[in-house]
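Written out below as C-alpha cells is the structure these notes cover.
The values are calculated or read from the model by the stated rules, or taken from the named source; none is laboratory data. Computed from a prediction, not measured in an experiment: that's the story for all the values here. So basically every Cβ, Gly included, is an ideal-geometry build from the backbone, and we count neighbours across all protein chains shown. Side chains included, ligands, DNA and RNA excluded: accessible areas come from the protein's heavy atoms. Shrake-Rupley method; radii C 1.70, N 1.55, O 1.52, S 1.80 Å.
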Amino acid sequence: MTEYEGIQTEQTPLIPIACPAHHAQKTGTMADSRSWREIPPGPRPKPVLGWRLESMKLALDPVGYMAQLYKKYGLVTSWGTERPRVVFTFDPKLNEVMFSDTRQFHWAVRPKWQYDNNAMHVLSYSIFNIPIEFYQQRRKILVRPMATVHFDRWRDTIVRLTNSAMKDWQLGKTIDMHRRGRDLVHAVNMSLLFSIEDRATVQRVHDCVFLMANSGPAYSILFLYRYDLPGSKYRQMLANAIEMEAFLRDVVQKRKAQPTNQESDMLDLLLSAWDKIGEGLTEDDLVGELYNLVNSENMTAGLTWTLFLLAQHPKICADLVDELHGVLHGEAPTYEQLGQLPLLDKVYKESFRLLPPSPFRRRYTAEACQFGPYDLPKGATLISSQYVTHRLPEIYPEPQRFLPSRWDTIKPTPFEYFPFGAPSRYCIAQRFAPYLIKTIIAMVLQRYRLTVAPGSRINRHCRLSLELEPTQMPMVLSRQDRNFTRSPIKGDVLEMVDFA
Ligand code: HEM
C-alpha cells in the first residue's frame, strides 16, 4: 500500500510499475499522451446493468466518486478500454489538452431531448452550449458588466446590502450561514444585475432558480424517465421555467422601453454591448444568458466554505482579523484595498483549492480522436475535476490541509489550479466573484466571530450540474472578541479536509 498525503492510492495487481499513470505519480512527473504504452486500469461494467451502476454513483456523488476513481486507478481512467465513451482525467497535462482545443473538446451539446415547453428550451441555451463560431461575440458582450472598472461602482450596493443583512443576524443564536449567505449573495446579484431589491421578487426569483437547479436531469436518476406527471419534480421545473422566462423577458422589455442611459446596473451594460456588437442575436438569446447570470449558487458555496474553513482554523482567522483591522479599520474594502490584504487573498485561493465550488468540468469530442492513451469516438465525454487535481500531492503537499501559507511559494499552472476554468474559457466572473466574496468576508469578520455550532453534521451536496456546497452550515454568531475556537463536527467534510 502506497500512501500519499491526502488521497490514498492502492496498487492493484493489474498495474505493472511501467504504467505511466503510477510511474508519473511516483516520480512526480505528469505523463503525456505519447508515453502511454497501455490503457490505464478502470472500473468494469456489471453484468446486465452495464455502466448504469457507475453512472448512478457518479450522479449521486460526483466528488466522492471521482476521489475514489483517482485513489484506485490514478490520474486517468475510463469506463471501458476500447473506444471508451467516458474518460476521467485528473492529469494537468491532459487537462491542458482538453481545455485548449475548444473545437475538438467542446461544450456545445444541446440537450438530446426537447423539453416539454419552450421556456426550458430558451433558458437552457447560452454561451455554455452555443456553437463555437458564435462564442467570441457572446463572450465579448458578457464580460462587459464583469470588468473591474465597474467594481467600485458596485461596492456601495454590496456594502449596503451586506450591512442590512447582518442586522438580521442575531447575536448568540445559531444561524444557517449557508442559507443566510445565499440570501445575501442572491440579493446583491439581483440588485447589481437588474436594480431589483424588493424582497418578494428577489425571493421568488431565487426559489425559481433554486428549484430548477435542483430538479434538472442531473438531480434525480428517475429524471431519466421524465414524464410531465402531476406533482412530479419535472412538472414543477417546467412551471418554474415558464415563470422564470416571463420574468426575464419582462425585465428586458421594460428596460428597452425605458432605457436609463446611465449604465446604472449590469443589465444596462449588457444591453448597450448587445446593441453595439450583438448583431443577429435575439431576445431569446439574451434571456438564456440572463438566466445564467441570475444563478449565484457558486458564489454562495465559495463564501460559506471559506467562512467555515476560517472558523475551524482559529490561528489563521486571528491573523486575518489582524490584517483586516490593520488596513480597513472596521470599514468595507475598496477594490484597490483588496490588493493590500495578502492573507485574505491566500485564504480565498486555498479555500477554492480545497473546496472548489465548481468541482469538475465536462467536454465532448467533436470528432474521433486520440486523447492520452485512448482512441475516443465522436461524442465521448471527458470529465476533468478541480476537486481531484487540486489535491495532487506532488503539486500540493499535505493536500487535505487548509494551508493559506502554501501560496507564498507555489505557482501552479492554469491546469493544476483552475477553480474558474481554464484560459480558453475562463469564467467571466473570475474577478467579480472573489471581489464580492472577499468584501463580504472582510465586513463580517471585522464585526462578528463565527463559530461552527459544536457537533454539527457538515455534509457535501453536489450533483452532476451543481456546485459543491455544504448541506447546511450552523454557526453561532458573537461580537468579534477574537476568542476563536475550533468546534467538534461530524459529516463527510471530514473526508475532504484534514483538520490536524
Ligand atoms: C465562485 C463563483 C464561481 C465559480 C467557482 C465559477 C466557475 C466557473 C468555471 C469553472 C467555469 C468554466 C467552465 C468550463 O470551462 O467548463 C465558468 C464559466 C463561466 N461562468 Fe463562472 N463561476 C462562478 C461565478 C460565476 C458568476 C457569478 C457568473 C455570472 C454572473 C458566472 C458566469 C460564467 C460564464 C458565463 C461562464 C462561461 C464562460 C465561457 O465559456 O467563456 N460564473 N465558471
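How fast does the stretch 343-500 diffuse by Stokes-Einstein, in µm²/s, taking the Kirkwood radius from C-alpha pairs at 20 °C and 1.002 mPa s?
For the chosen part, D equals 120 µm²/s.
Which order do the peptides 414-425, 349-360 take when ranked by the mean count of other beta-carbon atoms within 10 Å per residue, highest first?
349-360, 414-425
Among the GluC sites (Glu not before Pro) in the stretch 241-303, which ones are in a DSSP loop with at most 12 other Cβ atoms within 10 Å of the Cβ? Mind listing them?
Hits after loop and neighbour filter: GLU279.
DSSP loop trypsin sites (Lys or Arg not before Pro) in the stretch 33-95 with at most 13 other Cβ atoms within 10 Å of their Cβ, which ones?
Here the trypsin sites (Lys or Arg not before Pro) that fit, given the DSSP loop and packing criteria, are ARG37.
Regarding the stretch 244-370, what are the three Cα extents along the principal axes, ordered largest first, in Å?
Result for the stretch 244-370: principal-axis Cα extents of 54, 50, 25 Å.
May I ask which of LYS346/LYS411; LYS46/LYS378; LYS71/LYS346; LYS167/LYS315; LYS349/LYS490 have a Cα-Cα span longer than 19 Å here?
Violating the 19 Å Cα-Cα cut-off are LYS46/LYS378; LYS71/LYS346; LYS167/LYS315; LYS349/LYS490.
Give, as ranges by residue number, the residues of the stretch 54-75 whose backbone N falls under 11 Å from the point 7 Å along Cα→Cβ of LYS46.
Residues 54-57 qualify, since their backbone N sits under 11 Å from the label point.
Across the stretch 334-342, in residue order, what do the Karplus-derived ³J(HN,Hα) couplings come to in whole Hz, using 6.51 cos²θ - 1.76 cosθ + 1.60 with θ = phi - 60° and x for Gly and Pro?
8, 4, 5, 5, 4, x, 9, 10, x
What number, rounded to the nearest 500 deg cm²/dmol, is the helix-based mean residue ellipticity at 222 nm of the chain, given -39500 (n - 2.57) per DSSP H run of at least four residues and division by all its residues?
-14000 deg cm²/dmol
Give the residue list of GluC sites (Glu not before Pro) in the stretch 51-150 that are DSSP loop and have at most 13 other beta-carbon atoms within 10 angstrom.
GLU82
Throw me the Rg/Rh for the stretch 161-299, computed over C-alpha atoms with Kirkwood Rh, two decimals.
1.02
Would you kindly derive the ³J(HN,Hα) couplings of the stretch 263-268 from the backbone phi angles with the Karplus curve 6.51 cos²θ - 1.76 cosθ + 1.60 (θ = phi - 60°), listing them in order in whole Hz, with x for Gly and Pro?
In residue order, the calculated couplings are 6, 7, 8, 5, 5, 4 Hz.
Can you list residues whose amide H is under 5 Å from ARG457's amide H, if they're 5+ apart or on another chain and H is modeled 1.01 Å from N?
LYS490
How would you rank 324-330, 446-452, highest first, on the average number of other Cβ atoms within 10 Å across their residues?
Descending packing order for the listed peptides: 446-452, 324-330.
Would you please give the FRET efficiency between MET166 and ALA246, computed as 1/(1 + (r/R0)^6) with r the Cβ-Cβ distance and R0 = 35 Å, to the nearest 0.05?
After rounding, the FRET efficiency stands at 0.55.
If I stretch the segment between THR334 and GLN370 completely, what's the gain in nm (0.36 nm per residue apart, minus their alpha carbon distance), one decimal?
Answer, rounded to one decimal: 8.2 nm.
Under a plain spin-label model, where a point goes 7 Å from the Cα along Cα-to-Cβ, how far apart in nm are LEU53 and ARG139?
If labels sit at LEU53 and ARG139, their model points lie 4.2 nm apart.
How far, in nm, would the chain grow between CYS427 and GLU197 when pulled straight, counting 0.36 nm per residue and subtracting the alpha carbon separation?
Taking CYS427 through GLU197 to full extension adds about 80.2 nm, to one decimal.
Classify the chain as rounded, prolate or oblate from the Cα gyration tensor: take a ≥ b ≥ c as the square roots of its eigenvalues, call it rounded if a/c is under 1.5, otherwise prolate when a/b beats b/c and oblate if not.
The shape class here is oblate.
Once you keep just the Cα pairs under 8 angstrom separated by 6 or more residues, what percentage relative contact order results for the chain?
Contact order relative to length: 24 percent.
Using a 1.4 angstrom probe and counting only protein chains, how large is the accessible area of ASP319 in Å², to 10?
Here the residue's solvent-accessible area equals roughly 60 Å².
Starting from the amide H of LEU376, placed 1.01 Å from N in the peptide plane, find each other amide H under 5 Å away whose residue is 5 or more places distant or on another chain.
It is CYS369, GLN370, PHE371, by chain and number.
For the chain, which whole percent of the accessible surface, found with a 1.4 angstrom probe, sits on carbon and sulfur atoms?
54 percent
Where a ≥ b ≥ c are the square roots of the eigenvalues of the C-alpha gyration tensor, would you call the stretch 245-296 rounded, which needs a/c under 1.5, or, failing that, prolate if a/b is larger than b/c, or oblate?
Verdict is rounded for the stretch 245-296.
With every protein chain in place, what's the accessible area of VAL143 (1.4 Å probe, Å², nearest 10)?
50 Å²
If amide hydrogens are placed 1.01 Å from N in the peptide plane, which non-local residues have theirs closer than 5 Å to the one on ARG449?
SER478, ARG479, GLN480, ASP481
Rounded to the nearest 0.05, what FRET efficiency is calculated for PHE210 and ASP408 with R0 set to 45 Å and r the Cβ-Cβ distance?
0.70
Need one number: convex hull volume per residue for the stretch 422-500, Cα atoms only, in Å³.
138 Å³
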